[in-house]
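The next block holds one structure in the form of structure tokens; read it before the comments.
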Amino acid sequence: MNPFEKLNKVFRNLPVHFAIIAMCVLWVIPTVGLFLTSFRTREAVRTTGWWAIFTPQTQVGGLPEYTQYCASCHGADGKEIPTADLSTPDVVNQFTRAANLLAMLREPVNGGPHLGDPPLPSDTREALNTLALIQEYMLSISGQGKSTTQLTLNNYIDALVGYKGTNDYTSDCEQQVPSTLAKFNCKPSDLLNPEGMGAAFINTIIVTIPATLLVIIFAAFAAYAFAWLDFPGRQWLFALLVGLQVVPLQMSLVPIAQLYAKLGIQSTFLGIWLFHAGFGLPYAIYLIRNFIGGLPREIFESAYLDGANHWTAFRSLALPLAMPAIGALAIFQFIWVWNDFLIAKIFLNTHPVLTVQITNLIDPRGGNWHILTGAAFLSFIIPMVVFFAFQRAFVHGLLAGSVKG
């Protein structure tokens, strides 16, 4: 190959390479950003981007809530009132919690309200959320706050135990806050709190593993039957099975919910296992049947001549040879069930799985948004591990039955 042909080949493949690199960058950068955000404090997330982790800032910039409520009197640096210098740790440490700060602000000053224009939100919960941010900012300008480069596991801990306070679970347990102690034991047993991601993780495991095994077992038997057993209507049944793949599951939600209510299996693990198995079987049978059907007929004929029955041929020949397709199917089914939200929300609302519990972590008024990144990474770490661990079987299984010979 002369130099011009080599150069032509390089430039011909250049757009493909650029497209692949661009897709990787567009996927990796937001994912890395979300991952780093999951380790940052609520104040840092509100005031700076995730890239601030790489810049050694020790003080967060002007907080909008502080500017709105406090800066007009105390100044941007908190030093305008000498008797209430917010840059002094002794003053700031008097208000270690948003509730203490709220109680002080509700006391009149010089015969009038402490905050006149604008006043704090009338809703107590919203006011506490606002003051929690201001309190964190006061710690920052007094030299006690966390820098934008400092990382913390509090978001993950709060997500695991389902904590919805104005502070974080670890700090409130250390300070023995009564409202926290009323709901939590401040012990490892809090990981099983029904409102946390820890309990949801167990529920997701209970749903996903049986739903995946049921599909693999029944699909393997059916695939062998369609590939190597002769019975009337086999081709018509297989064509019907392929057609069932285009039926959207949303069409069956109401009828199946009514049926489950009559049978008494609504909001049970059995009900969701059957639903996932029923809608996973058409594609599963199609995938494994194409793979088993592509195996050399001579292998099975020689086994039959040696006296083997269909069960022996299935167990000793078909299953071992079809493991690449079964592995790919297991990954497909596992990830689909694990990431499912709609079916779990409808048919298992009393035992929330991870995808459902993430939405439950959000306070009705919009609080606790800062722990969503940690909760999201907790939800997809297992599917990611499964995919990369069985990636070779996944790729091999995708090509199952596509090429003969």
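The values are calculated or read from the model by the stated rules, or taken from the named source; none is laboratory data. A quick note: this is a predicted structure, and the numbers were derived from the prediction, not measured. All Cβ positions, glycine included, derive from the backbone under ideal geometry; neighbour counts span all protein chains shown. Heads up: the accessible areas ignore ligands, DNA and RNA and are worked out on the full protein's heavy atoms, side chains in. Shrake-Rupley method; radii C 1.70, N 1.55, O 1.52, S 1.80 Å.
Brief remarks follow.
Conditions tested, residue by residue: (1) touching a residue at least 12 places away in the same chain (Cβ under 8 Å); (2) open to solvent by less than 40 Å² (accessible area, probe 1.4 Å).
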residue: TYR286; (1), (2): yes, no
residue: TRP311; (1), (2): no, no
residue: LEU319; (1), (2): yes, no
residue: GLN333; (1), (2): yes, yes
residue: ASN339; (1), (2): yes, no
residue: ALA344; (1), (2): yes, yes
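- Identity of the residue in the range 77-91, open to solvent by less than 80 Å² (accessible area, probe 1.4 Å) and not hydroxyl-bearing (Ser, Thr, Tyr), that ends up farthest from ASP117 (Cα to Cα): PRO89
- Criterion applied to THR359, THR350 was being modelled with pLDDT under 90, open to solvent by 30 Å² or more (accessible area, probe 1.4 Å), assigned to a loop (DSSP other than H, G, I, E, B) and among the β-branched types (Val, Ile, Thr), and the one residue passing it is THR350.
- Looking across the range 171-197, the residues that are crowded, with 19+ Cβ neighbours inside 10 Å and under 21 Å from THR359 (Cα atoms) come down to PHE184, ASP190, GLY196, MET197.
- Filter pass, LEU259 being more than 18 Å from PRO210 (Cβ to Cβ), open to solvent by 20 Å² or more (accessible area, probe 1.4 Å) and among the hydrophobic types (A, V, I, L, M, F, W, C): yes
- The set of residues from the range 192-208 being touching a residue at least 12 places away in the same chain (Cβ under 8 Å) and of a type outside the set (Gly, Ala, Ser) comprises ASN193, PRO194, GLU195, MET197, PHE201, ASN203, THR204, ILE206, VAL207, THR208.
- Cβ-Cβ distances below 6 Å connect the following pairs, each with a first residue in the range 155-171 that is without any contact (Cβ under 8 Å) to a residue 60 or more places away in the chain, a second residue that is charged (D, E, K, R), and a separation of six or more residues or different chains: VAL161/ASP190; GLY165/ASP172; ASP168/ASP158; TYR169/ASP158.
- Test for LEU274: is it open to solvent by 70 Å² or more (accessible area, probe 1.4 Å) and farther than 30 Å from THR350 by Cα: no
- Among the residues of this structure, LEU237 does not count as one that is farther than 30 Å from LEU342 by Cβ, hydrophobic (A, V, I, L, M, F, W, C) and part of a helix (DSSP H, G or I).
- Note on the range 362-379: residues that are modelled with pLDDT of 85 or more, open to solvent by 10 Å² or more (accessible area, probe 1.4 Å) and not aliphatic (A, V, I, L, M) total 3.
- Scan of the range 177-213 for residues that are of a type in the set (A, V, I, L, M, F, W, C), in contact with a helix residue (DSSP H, G or I) (Cβ under 7 Å, 6 or more places away or on another chain) and part of a helix (DSSP H, G or I), ordered by number: LEU191, LEU192, MET197, ALA199, ALA200, PHE201, ILE206, VAL207, ALA211
- Verdict on ALA227 being assigned to a helix (DSSP H, G or I) and in contact (Cβ under 8 Å) with a residue 40 or more places away in the chain: yes
- Selection of first residues in the range 230-244 that are free of Cβ contacts under 8 Å to residues at least 12 places away in the same chain and of second residues that are among the aromatic types (Phe, Trp, Tyr) and outside any loop (DSSP other than H, G, I, E, B), restricted to Cβ pairs under 7 Å at least 6 apart or on distinct chains, gives the following pairs, ordered by first then second residue: ARG234/PHE226.
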